[in-house]
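Have a look at the structure below, then the notes.
The values are calculated or read from the model by the stated rules, or taken from the named source; none is laboratory data. Given the structure is predicted, the values throughout are model-derived calculations rather than measurements. Cβ: placed from backbone, ideal geometry, glycine included. Neighbour counts: every protein chain shown.
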Amino acid sequence: MSGRRQGYGSRGGLVVPRTLPALSSSCSGSRGVLRSLPFPKMSKSIIDPSRLEKIEFSNDEIARYSRHLIMPEVTLEGQKRLKAASILCIGTGGLGSPIALYLAAAGIGRMGLVDGDVVDFSNLQRQILHGTKDVGRKKLNSARDRIREVNPNVQIDLHDTYFTSANAEELVRDYDIVVDGTDNFPTRYLSNDICVFMKKPNVYGSIFRFEGQCTVFAPHLGGPCYRCMFPEPPPPGMVPSCAEGGVLGVLPGVIGVLQAIEAIKLVVGLGQPLMGRLLHFDALNLKFREFKLRRDPKCPVCGDNPTIKELIDYDQFCGIPQAAAAEAAEAPIPTMNVRELKQKLESGEKFVLLDVREPFEWDICRIDHAKLIPLGQLPSRMSELDSADEIVIHCKSGGRSAKAVRLLQEAGFSKLHNVEGGITAWAEEIDPSVPKY
Ligand SMILES: [Zn+2]
């Protein structure tokens with residue numbers, strides 16, 4: 001070996017492997033200079049130079065953005081591009097929080113926020129745009145207040161609605177980039193299709209439990225679109241949502257920040273965009289993996305002979321009403337609301353209240369007199385139930401208990417009721433001392 005030693009050394013407080021080039025001694029001063037690395041190959045900014053002519057900065061803004069301005073890859077020119085740019089953030093939840101916060105801090109000139117939701121306690125574990133005092137407020141309002149605190153120079157457009165086929169074109173039209181911070185299939189296909197049609201880059205992110213992924217869809221810049229990967233959505237119910245499967249609270253922080261980086265790179269014209277590549281992040285093993293994505297010439301939206309040329313009904317496409325209709329076509333599931341359940345409990349009537357959630361959910365909260373048999377164990381533990389009894393079944397919000405009703409119906413049980421809205425509805429309407437999760 002030459003004079004290079006393996007091992008770790010300390011430079012200016014930052015511990016770095018000795019074999020790595022000196023990235024920086026400290027970000028707080030001007031000593032850290034990228035001498036040993038060549039400048040990254042620059043891609044072209046999506047912002048037309050003519051839009052920079054009227055962009056000016058106050059002295060406060062110059063100070064605010066100084067750590068960008070002294071980077072030779074950004075400079076005043078790059079910062080002007082950021083100020084000239086407009087970005088539509090769909091959703092202000094787990095992904096939308098870091099996306100909006102970092103884009104605002106970076107000095108994006110105009111940001112559109114789309115969200116029709118209200119802040120709930122269960123959001124706070126990851127949705128860092130919103131605070132405890134914001135529970136019950138519109139997410140848009142708490143997001144606006146928080147972003148203004150971070151950077152009052154950003155113009156914020158509030159779109160108090162959900163992103164739908166009816167409003168997508170109007171919402172997307174006025175922005176340079178769309179960053180999709182929602183995490184459901186109908187919105188994902190919708191934001192993909194509208195961005196392909198309107199030639200806007202779509203920065204995609206997705207999270208589930210301990211894993212996430214990120215890429216940039218922009219067929220007009222040479223990359224693939226979401227439908228090149230997945231022409232059709234998975235069957236409804238096949239892929240659980242974060243509300244069903246959970247998500248590590250910090251995970252959307254990682255993925256949302258990656259999305260913000262990609263948006264900023266497209267605006268400033270930095271490095272190589274994450275186009276034609278899907279970055280997968282595994283938090284449990286702390287591994288990043290990259291997959292090549294290719295544009296599919298047969299893609300129904302961005303292919304050579306597209307078959308889809310306008311927006312469709314994405315709920316229907318993703319099977320949401322079809323699933324409901326298919327279920328309704330079978331024997332209807334007898335239901336009971338939580339007020340009826342309360343009356344039944346108070347009347348002293350004999351019946352079995354069956355909870356089909358998991359034991360860890362049971363530990364969080366339960367309804368008195370309930371019996372716990374997790375849905376997965378129900379087939380093997382049916383003998384603990386008597387088909388002569390009336391059985392009222394609940395879960396967290398009504399989905400799993402509906403499946404339990406079906407299972408028991410198939411096994412010959414008939415005196416069954418599914419509790420609409422599950423223990424969540426019970427907490428909301430009957431007993432506020434029961435925690436929601
Ligand atoms: Zn495509």
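The table below lists the values:
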item	result
Residue within the stretch 107-116 that is basic (Lys, Arg) and loosely packed, with under 15 Cβ neighbours inside 10 Å present	no
All positions within the stretch 339-380 that are touching a strand residue (DSSP E or B) at 6+ places or on another chain (Cβ under 8 Å) and under 16 Å from residue 400 (Cα atoms)	353, 354, 355, 356, 357, 359, 362, 366, 370, 371, 372, 373
Matching residues, the stretch 129-153, being hydrophobic (A, V, I, L, M, F, W, C) and surrounded by 20 or more Cβ atoms within 10 Å (Cβ to Cβ)	129, 140, 143, 147
Criterion: over 18 Å from residue 202 (Cα atoms) and within 15 Å of the ligand (Cβ to nearest atom) - qualifying residue of 298, 309, 287	298
Residue that is modelled with the lowest pLDDT [pool: residues in the stretch 394-427 that are under 14 Å from residue 361 (Cβ atoms) and of a type in the set (D, E, K, R)]	400
Hits in the stretch 128-142 (condition: without any contact (Cβ under 8 Å) to a residue 40 or more places away in the chain and part of a loop (DSSP other than H, G, I, E, B))	129, 130, 131, 135, 136, 137
Residue, farthest from the ligand (Cβ to nearest atom), within the stretch 166-193, restricted to residues that are under 18 Å from residue 95 (Cβ atoms) and of a type in the set (Asp, Glu)	183
Residues satisfying the stated conditions in the stretch 155-201, i.e. over 20 Å from residue 232 (Cβ atoms) and either in a strand (DSSP E or B) or in contact with a Pro (Cβ under 7 Å, 6 or more places away or on another chain) (or both)	155, 156, 157, 158, 159, 177, 178, 179
Test set (1) more than 10 Å from the ligand (Cβ to nearest atom); (2) in contact with a Leu (Cβ under 8 Å, 6 or more places away or on another chain) - residue 293 fails condition number	(1)
Flag for residue 124 being in the same structural domain as residue 307 (by TED's automatic domain parsing), surrounded by 19 or more Cβ atoms within 10 Å (Cβ to Cβ) and under 22 Å from residue 252 (Cβ atoms)	no
Tally of residues being touching a Lys or Arg at 6+ places or on another chain (Cβ under 7 Å), surrounded by 17 or more Cβ atoms within 10 Å (Cβ to Cβ) and modelled with pLDDT under 95 across the stretch 288-299	1
Those strands (runs of 3 or more DSSP E) lying entirely in the stretch 211-296 with at least 3 residues without any contact (Cβ under 8 Å) to a residue 60 or more places away in the chain and assigned by TED's automatic domain parsing to the domain that holds residue 198	287-292
Unique residue being in contact with a strand residue (DSSP E or B) (Cβ under 6 Å, 6 or more places away or on another chain) and of a type in the set (A, V, I, L, M, F, W, C) when the list is 95, 76	95
Wholly enclosed helices (runs of 4 or more DSSP H) of the stretch 345-437 bearing at least 3 residues in contact (Cβ under 8 Å) with a residue 40 or more places away in the chain	399-410, 422-429
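Condition check ((1) buried (at least 18 other Cβ atoms within 10 Å of the Cβ); (2) within 14 Å of the ligand (Cβ to nearest atom)) across all residues:
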residue	(1), (2)
195	yes, yes
206	yes, no
209	no, no
214	yes, no
217	yes, yes
226	yes, yes
230	no, yes
241	no, no
